[in-house]
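Note sheet for the following structure.
The values are calculated or read from the model by the stated rules, or taken from the named source; none is laboratory data. Please read all numbers here as calculations on a predicted model, not as lab measurements. Positions of Cβ are backbone-derived with ideal geometry, glycine not excepted, and every protein chain shown enters the neighbour counts.
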Amino acid sequence: MRRFLTLVCLLGLAIPAGISISGCTRNPAGNYCNGLGYGLKNTDVYNIVMQPQIAGISLAYGQTIQAQSPTATTCKGTPASIASSQISYGTSNNQLVDISPSGNICAGTWNRNTGGGIADYTYCYFPNPLPSTNGLPYGIAFLTATADSVTSNPVTVYVHAPISSISLVTTPLSGSSNAAGCYSQNQQATLDADAYYSLNGVQTLLCAPGSTTAPDCLNSIGTLNFTVGTSSVATINSATNVITAQDPGTTVINATIAQSSSAAGYFSTCPPKTISVALANGSTKGIVTQGVGQNLTTAVTDTQGNPITGLTLTYQSTNPIDISAGGSGSITPSYPGVASVNAICEPATCNPAPINELGLNGTGLSVSSNPVNIVVPGTTSEFAWFSAPGQSLYFTDIELLNGTPGKPARLPFVPNSMVMDQLGNSLYFGSGRELMIYSTASNALTKQDPSVPGVVLAVSPDGDQVLINDQVRDVLYLYNASAGTSSTFSGLAACAESNPVPGPCTAAAWTPDSQTLYIVDSSSLGGNHTDTLYVHSNNTGWSTYPLAAPPSSWSLNPANPTGRQLAITVPGVGAYLSGSPTVAHTWCPTGTVGNNASIQFYPQSDSVSRQEDVLESTEDGAHMLGASLAGSPVTGGSITLDDIGVSIPSTLCSETTTGTPPNQVQTMTALSTNPALNGSVNLTGVTDATTVNQIVTGEAPTTASVTTAAPIAFITYNTPSTATAATLLPYYLPQASGIGAVNYVSLNDKNVENAPIPPPAQYPSPTAPIVGAFSPDNSLFLVSTAGDDAIHFIPIPTTLSATPALQDTQQYLPDLPACTPVSAGGDDAGCFYPGTPTPDTYVPATAIAVKPRSVT
């Protein structure tokens with residue numbers, strides 16, 4: 001019984017104590033990864049990762065790189081902390097790859113115990129012995145990092161001889177092709193490379209994809225990283241090294257290996273072969289209502305026959321003031337008129353290429369579409385401005401609809417030139433002292449800029465740049481109209497600043513897209529003038545080309561020498577230059593792709609065995625009209641007119657490819673405009689011309705039932721100062737083929753609109769049609785004449801015919817007072833009036849500018 005009581009007491013004491021202990025403590029096994037109470041704890045280092053896991057590290061002999069700090073995680077996948085002092089590094093081959101305690105990797109061996117105060121791990125010596133794998137200088141070792149008794153994944157280290165060059169290799173993916181040397185838009189390829197090293201000064205293949213004599217680079221020197229130079233041409237997936245073609249062009253592909261980056265090669269997205277443009281109804285000619293916008297449809301096909309979408313094209317109109325073309329192919333018919341519109345793919349905004357690889361697979365070259373001929377029927381009111389550079393300090397204007405003349409405006413200095421921008425916003429007057437800019441809206445002086453003195457030669461169609469030639473300093477200025485800044489180039493244009501001839505100077509012109517500027521000079525003007533063509537391209541910069549000597553007749557009249565002139569083709573693929581012979585320079589370069597010394601930009605592409613003093617293209621681009629003096633430049637003679645048929649192909653510049661890569665050769669060929677002489681005609685109605693000034697081309701005004709306007713051209717000229725007889729104004733009607741018809745306008749000397757007393761009949765007769773201009777709607781031709789100093793109005797009918805002749809229906813006196821030259825006791829610097837004028841001395845207008853006026 002005593003024993004039983006004792007047991008009960010013990011149980012009574014033990015059970016409460018056990019309950020109390022178990023209710024106040026955790027399970028110790030829960031702090032361990034295995035949940036059993038032993039082994040790694042939840043906070044211990046469980047895994048160590050050393051980067052780069054996949055790509056590995058590529059090092060050339062003796063190169064060093066700091067290892068990336070390894071990262072550690074627990075068994076629960078949470079970050080674990082390890083101090084750098086806890087990490088130790090190991091290598092599988094310390095003769096090939098050595099690593100310092102701090103993780104600095106050496107492609108070879110570090111110095112240790114060097115002595116002389118040189119710290120350990122400061123010099124990396126080449127591997128000894130040098131690696132050799134199947135006779136090639138590369139080897140592989142593996143690095144690991146250890147901490148808390150945990151070892152990381154191995155990191156592959158590729159050690160190799162220094163790479164001397166890399167050559168890009170592209171392998172088309174399924175569905176892609178580079179049969180034309182390029183990839184069509186959205187096609188893909190895998191990027192790889194051939195790598196070379198220098199063996200006794202000889203480039204020797206180290207690795208290459210698909211080679212039977214060398215390993216692939218991935219398993220010998222490591223992963224190459226590629227980047228693209230021009231992202232608009234292609235994009236690269238850095239994880240897969242797959243490249244995707246984007247917009248046409250060529251871009252450099254850079255490759256990085258062993259801490260060095262270099263150009264590995266070039267990738268080309270196929271350029272346009274053809275660009276087809278049409279109106280919404282599919283037609284390439286049509287009538288558009290004034291004020292009603294239209295959108296052109298554009299289809300682009302590349303050199304592999306595949307379509308291109310989203311391409312950045314420039315749309316150019318030959319008459320932007322009336323019919324403008326927007327960047328997306330939108331047509332805005334602001335005023336009645338006629339225009340030819342083309343879509344242009346022109347580097348660098350479209351189909352770019354590095355300058356050293358221009359022409360590679362057709363990239364870096366320009367291509368034009370077919371023309372779309374647009375007619376906006378009707379007539380509109382217009383303003384016209386008249387000036388006499390070198391002869392008068394004044395300019396004046398008239399509103400053509402009602403004949404209301406404006407007030408003469410006096411310039412600060414005698415101008416030597418007047419040019420209006422093609423949008424009709426500003427008048428630019430050059431002088432030997434400064435550039436003077438006037439607003440066409442108010443005839444008010446808006447700016448004077450003495451930093452750009454000289455002759456104003458041209459204004460870019462977009463109105464952004466003005467070309468000015470300082471003929472004292474022999475400098476060409478490209479003047480930014482909005483910023484007032486300029487860039488310069490040494491040169492002269494064939495315009496006589498010191499003795500302006502009675503007539504316009506057309507020695508410079510921009511292409512309608514404002515991308516390319518052509519300037520010609522002529523030694524016939526004497527002084528520092530030379531026979532030179534200057535071309536400025538937004539893509540390639542300035543280029544100069546020597547020209548043949550001008551005809552001897554151009555210099556026979558020292559008081560009125562003739563300079564070389566030019567005319568831009570339609571579309572603006574190039575320019576024809578007057579002379580003997582008459583030549584064309586166009587935008588397709590010649591030479592061998594990759595051989596910069598052989599490449600010539602804007603080369604001579606055509607030659608016509610005819611002397612032309614002046615040139616002009618018809619609006620439809622089918623005719624290049626030329627005229628030359630057929631008599632004496634001193635006593636006078638007749639004029640010969642030539643009609644040169646022109647056919648411009650709307651395809652990519654041509655190339656000839658020979659050989660196979662890597663010995664493939666691509667040779668570029670100049671673009672031919674296919675000139676053919678339709679015929680020549682002697683203007684027998686003119687007998688006393690001393691120079692030919694202009695060929696002014698236009699179109700007959702159109703009606704709502706006419707989709708293509710008929711071309712017409714007027715010819716202006718000078719006569720001897722002693723001429724007194726009334727003169728004729730010749731005009732020419734080009735035909736589809738063969739020589740067209742010629743007739744003459746009899747210029748009247750009566751019915752002068754603003755003639756003061758005495759009566760108009762007592763005014764002298766016109767003796768020479770000096771300069772002319774069409775109204776923008778083509779309904780009127782204005783011509784300024786010597787002798788009577790008047791402006792004659794020639795209405796243009798909607799139906800053109802050689803008979804009956806056109807009529808001079810109205811005359812207007814611009815009343816431009818003659819300036820007084822310093823030689824005659826005056827103080828008008830830059831005045832070249834021949835003699836001493838009186839207060840009643842007036843001079844004829846030698847510069848005309850016309851713009852449409854809104855009637856709303």
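Quick check: is even one residue across segment 481-493 among the hydroxyl-bearing types (S, T, Y), modelled with pLDDT of 95 or more and under 17 Å from A845 (Cβ atoms)? Looking through segment 481-493, none of the residues is among the hydroxyl-bearing types (S, T, Y), modelled with pLDDT of 95 or more and under 17 Å from A845 (Cβ atoms).
Quickly run through segment 423-438 and pick out the residues that are in a loop (DSSP other than H, G, I, E, B) and surrounded by 21 or more Cβ atoms within 10 Å (Cβ to Cβ). Passing the criteria: only G424. Summed over segment 187-240, residues that are more than 19 Å from P662 (Cβ to Cβ) and more than 36 Å from the chain's Cα centre (by Cα) total 10. If S647 passes every condition in (1) free of Cβ contacts under 8 Å to residues at least 24 places away in the same chain; (2) of a type outside the set (K, R); (3) part of a loop (DSSP other than H, G, I, E, B) but one, which one does it miss? Single failed check for S647: (1).
Conditions tested, residue by residue: (1) within 30 Å of P415 (Cα to Cα); (2) outside the structural domain of H792 (by TED's automatic domain parsing).
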residue: A299; (1), (2): no, yes
residue: N319; (1), (2): yes, yes
residue: D322; (1), (2): yes, yes
residue: V367; (1), (2): no, yes
residue: V372; (1), (2): no, yes
residue: T396; (1), (2): yes, no
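Here's a check for you: in segment 805-824, which residue that is closer than 25 Å to P730 by Cα and among the hydroxyl-bearing types (S, T, Y) is surrounded by the most Cβ atoms within 10 Å (Cβ to Cβ)? Lay out the reasoning, then the answer.
Residues of segment 805-824 that are closer than 25 Å to P730 by Cα, as a first pass: 805-814.
If we keep only those that are among the hydroxyl-bearing types (S, T, Y) too, we end up with 809, 812.
Numbers: T809: 12, Y812: 23.
The qualifying residue surrounded by the most Cβ atoms within 10 Å (Cβ to Cβ) is Y812.
Quick check on V475: is it over 26 Å from F386 (Cα atoms) and modelled with pLDDT of 95 or more? Steps first, answer last, please.
Numbers: over 26 Å from F386 (Cα atoms): yes; modelled with pLDDT of 95 or more: yes.
Considered against the rule, which asks whether it is over 26 Å from F386 (Cα atoms) and modelled with pLDDT of 95 or more, V475 comes out as yes.
Apart from one condition, D449 fits all of (1) at pLDDT 95 or above; (2) under 26 Å from L313 (Cβ atoms); (3) acidic (D, E); the exception is (2).
Restricted to segment 399-412, and to residues there that are surrounded by fewer than 22 Cβ atoms within 10 Å (Cβ to Cβ) and in contact (Cβ under 8 Å) with a residue 40 or more places away in the chain, the residue that is nearest to the chain's Cα centre (by Cα) is E399. Taking the criterion of being more than 13 Å from M50 (Cα to Cα), surrounded by 15 or more Cβ atoms within 10 Å (Cβ to Cβ) and touching a Phe, Trp or Tyr at 6+ places or on another chain (Cβ under 9 Å), the residues of segment 65-90 that qualify are T74, C75, A80. Every condition in (1) out of contact with any helix residue (DSSP H, G or I) (no Cβ under 8 Å at 6 or more places or on another chain); (2) among the small types (G, A, S); (3) buried (at least 23 other Cβ atoms within 10 Å of the Cβ) is met by A494 except one, and the failing one is (1).
Put simply, of L311, L279 the only residue that is among the hydrophobic types (A, V, I, L, M, F, W, C) and touching a Gly at 6+ places or on another chain (Cβ under 6 Å) is L279. Residues of segment 117-148 that are loosely packed, with under 15 Cβ neighbours inside 10 Å, without any contact (Cβ under 8 Å) to a residue 24 or more places away in the chain and not in a strand (DSSP E or B): G117, A119, D120, T122, S132, G135. A count restricted to segment 531-559 and to residues that are closer than 28 Å to S366 by Cβ and assigned to a loop (DSSP other than H, G, I, E, B) stands at 6.
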